[in-house]
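See structure below.
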Amino acid sequence: MSLRKYLVLAGVTLFAAAGDSLLSHGMKQVGSVTLENWSSVILAILNPSVAFGILLLLGFFVCYTTALSWADLTYVLPATSMGYVLLAVIAHFFLHEYITATRWTGILLISAGVGFVTQGPALTHHHAEDERGGAEGVAESVGARSEP
C-alpha cells in the first residue's frame, strides 16, 4: 500500500476522532436539543465547536469515500476503527470522561482486530469475475452452482 493510501486512512481516523470530540464538547455547551424545536438545532450548529466538528466530519467523509474507492469495505471499516482508540484518549484527557477498565479492554481488542485485518489484501478479487469478465460471469457462475 502506498504512502498516499496510508495518509487517507490516517485522515479518516484523525478527522473522525477530532470531529466527534468537538461535537461532544460543543453539545455539552449547548445543552438539550430537540427536533421539535428547530431553533435549538440551528443554535447548536452555530456553536463554534459543533461547527468545526461538522467540518472535520466532512473531511472524514471525503477520506472515507476515497478509501472505499480503492479498497473493500471489510478492509476500510476495521482499519479506520483505530479512531476508537484515539477518541477514547481524547475523551479521557480533554473531555475528562471516565473510561472503565471494561471499555479500555474493548478498545484494546478492537486494536488487535485491526492488526489482523491489515495483514490481508485491501482489495479482493473474485475468481469467477476474473475468469468470465465482470458481473455476467459472476451471475453465470452463481446460476451454475445452484443447478442440481
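None of the figures in this text is laboratory data; all of them are computed from the coordinates on show. A quick note: this is a predicted structure, and the numbers were derived from the prediction, not measured. As a convention, Cβ positions derive from the backbone with ideal geometry for all residues, glycine included, and neighbour counts pool all protein chains shown.
A compact table of results
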| item | result |
| --- | --- |
| Anisotropy class of region 3-117 from Cα gyration tensor, a/c 1.5 cut | oblate |
| Other-chain or far-sequence residues with amide H under 5 Å of residue 72's (modelled H) | 123, 124 |
| Simple Cβ-charge dipole of region 3-117, Lys/Arg +1 and Asp/Glu -1, about Cα centre, in debye nearest 20 | 220 debye |
| Net length gained if the chain between residue 70 and residue 112 were fully extended (0.36 nm per residue, minus Cα distance) | 12.8 nm |
| Residues 99, 42, sorted so that the one with the fewest Cβ neighbours within 10 Å comes first | 42, 99 |
| Distance from region 88-114 to region 25-53 (C-alpha centre basis), Å | 26 Å |
| Selected from 99, 46, 13, residue furthest toward positive end of dipole (region 3-117; charges at beta carbon) | 13 |
| For 5, 28, order by how many other beta-carbon atoms lie within 10 Å, fewest first | 28, 5 |
| Cβ-based exposure ranking for 92, 125, 25, in which fewest neighbours within 10 Å come first | 125, 92, 25 |
| Net charge over other residues, Cβ less than 13 angstrom from the Cβ of residue 97 (K, R count +1; D, E count -1) | +1 |
